[in-house]
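Worksheet for the structure shown next.
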Amino acid sequence: MHRKATTLDNKPPNTQTQVLPTHICARRLAPHTMSEPQGPLDAIPKGNYQPLLTIANYYSTKQMIDQVLSEDQDYVAWKLKELRTGGTMNTFLNPQDYTFGPGNEEPPEAPANGINSVPEDLAFVSDIYKETREQQMQQAVQQAHSIEAEQDDNSASQQPLSHDDQFKLLVMNLDDEQSSRFEVFHRTSLNKGQVKKLATTVCNQTIGENLRVFLQAVGKVFAGEIIELALDVRHRWFVGRMVCEFDRRKEIAYRLKKYLKKLTILVEKNNSNTTENAAPNAEFNENDMFENDSVDENESDSYYDDEENEKKEVQVGNKLLKSDKNTQEVRLGLITRYNRLVKAFNTQDIGFDKYQNSPLLPEHIREAVRLYNLQKDTVVENSWRGQGEGNGMMFR
């Protein structure tokens with residue numbers, strides 16, 4: 001449908017013309033474009049950038065970058081610790097039940113003449129955990145004895161559960177996740193024809209139905225072990241990628257600090273030259289502006305020779321960082337590269353939780369098979385197995 005254009009001649013009487021601001025008109029008339037990903041850092045406009053590039057802005061941006069890296073460092077350390085230890089004991093311990101020292105008070109300070117001494121009333125988490133576990137074990141033993149006594153009293157009237165009843169009782173006490181996993185594993189089976197064909201080819205004779213069912217069950221367990229190893233391999237690769245992305249983000253962060261500091265120095269020099277026309281011999285001291293700042297704006301960035309595009313970009317950036325000229329061209333070049341780094345810093349994502357449900361790849365399966373062979377390396381090979389006098393007739 002087409003809208004009818006409305007002109008000033010067709011408007012009703014006693015109607016005032018509404019004048020919109022310029023930026024709203026431009027926004028309505030401009031074509032719709034894809035919005036860039038938002039992040040903690042903002043890009044620097046190429047026009048009227050002098051009021052933004054101040055020393056206060058440099059320190060605030062630097063603090064924001066350090067805060068983002070600190071949060072990423074905590075996340076990476078937590079994931080690595082979880083990978084190494086297989087999790088923490090937070091699920092088994094309740095921190096509210098444990099206190100350090102008498103009551104909720106802080107532990108007393110060590111005496112001045114005993115630096116390495118430990119207060120007598122200081123309680124450690126491990127000791128409290130052992131005492132709690134012993135109490136729980138004693139209570140469990142007492143409950144078990146009481147239950148056994150009740151069962152002995154009622155043994156004459158009660159009958160043991162059958163295998164089917166025990167199986168139903170086990171299935172009914174599973175949670176949702178355990179129930180879904182059990183159903184998938186219970187319904188999954190290897191192809192009967194393929195198992196029988198493979199066994200017939202290996203044994204060079206026709207196998208019976210019972211042997212086929214046995215091999216199908218063993219193959220199902222073996223496939224489950226390989227899949228579990230493949231999932232572990234995928235998780236480890238995700239953690240490795242997370243570490244690489246974090247290192248890349250730290251590199252980008254340091255380059256951002258250098259470009260921003262160089263731009264701030266150039267803008268401050270330009271402002272001092274324009275405002276101090278009466279004193280042309282006045283020197284611009286950078287050390288007084290940036291005290292105790294570890295960022296070296298003249299340091300060159302490293303690059304790899306096999307990456308041509310990045311190599312050219314870094315080389316041009318190094319020339320701009322080492323340039324002593326304070327021209328508009330140099331400042332615009334620094335702003336262009338700073339904005340590219342800002343976009344890369346904002347889009348850098350070190351989290352991999354959203355990829356947990358991704359499918360397994362053939363690379364994961366191959367690595368899982370390799371790890372499985374290494375784990376079973378201590379088992380004697382089939383060609384060296386034997387029975388009785390070691391004649392090698394086992395499984396023949």
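The values are calculated or read from the model by the stated rules, or taken from the named source; none is laboratory data. Fair warning: this is a prediction, and the values are worked out from it, not measured in the lab. Neighbour counts are summed over all protein chains in view; Cβ atoms, including those assigned to glycine, are modelled from backbone coordinates with ideal geometry. Just so you know, the surface numbers come from the protein's heavy atoms only, side chains and all, with ligands and any DNA or RNA stripped out. Shrake-Rupley method; radii C 1.70, N 1.55, O 1.52, S 1.80 Å.
Of all residue pairs spaced 6 or more apart or on separate chains, those with beta-carbon atoms under 6 Å, a first member in the stretch 351-362 that is within 19 Å of Val68 (Cβ to Cβ) and a second member that is of a type outside the set (Asp, Glu) and modelled with pLDDT of 85 or more are Phe352/Phe238; Phe352/Met242.
Number of residues in the stretch 41-65 that are surrounded by 13 or more Cβ atoms within 10 Å (Cβ to Cβ) and either within 19 Å of Thr347 (Cα to Cα) or hydroxyl-bearing (Ser, Thr, Tyr) (or both) equals 12.
Taking residues in the stretch 312-326 that are closer than 12 Å to Ser302 by Cα, and partners anywhere that are open to solvent by less than 60 Å² (accessible area, probe 1.4 Å) and assigned to a loop (DSSP other than H, G, I, E, B), the pairs with Cβ atoms closer than 8 Å and at least 6 places apart or on different chains are Val314/Asp301; Gly317/Asp301; Asn318/Ser300; Asn318/Asp301.
For the stretch 173-200, which residues satisfy the criterion of being closer than 27 Å to Leu211 by Cβ, among the hydroxyl-bearing types (Ser, Thr, Tyr) and surrounded by 11 or more Cβ atoms within 10 Å (Cβ to Cβ)? So that I can check it myself, show each step before the final result.
As a first pass, look at the stretch 173-200 and keep what is closer than 27 Å to Leu211 by Cβ: 182, 184-200.
Pick out the ones that are also among the hydroxyl-bearing types (Ser, Thr, Tyr) and you get 188-189, 200.
If the condition is that a residue be closer than 27 Å to Leu211 by Cβ, among the hydroxyl-bearing types (Ser, Thr, Tyr) and surrounded by 11 or more Cβ atoms within 10 Å (Cβ to Cβ), then Ser189, Thr200 are the ones that fit.
If the condition is being within 21 Å of Gln63 (Cβ to Cβ) and under 29 Å from the mean Cα position of the chain (by Cα), then the stretch 295-314 contributes only Val295. Restricting attention to the stretch 113-145 and to residues that are among the aliphatic types (A, V, I, L, M) and part of a helix (DSSP H, G or I), the residue that is modelled with the lowest pLDDT turns out to be Val125.
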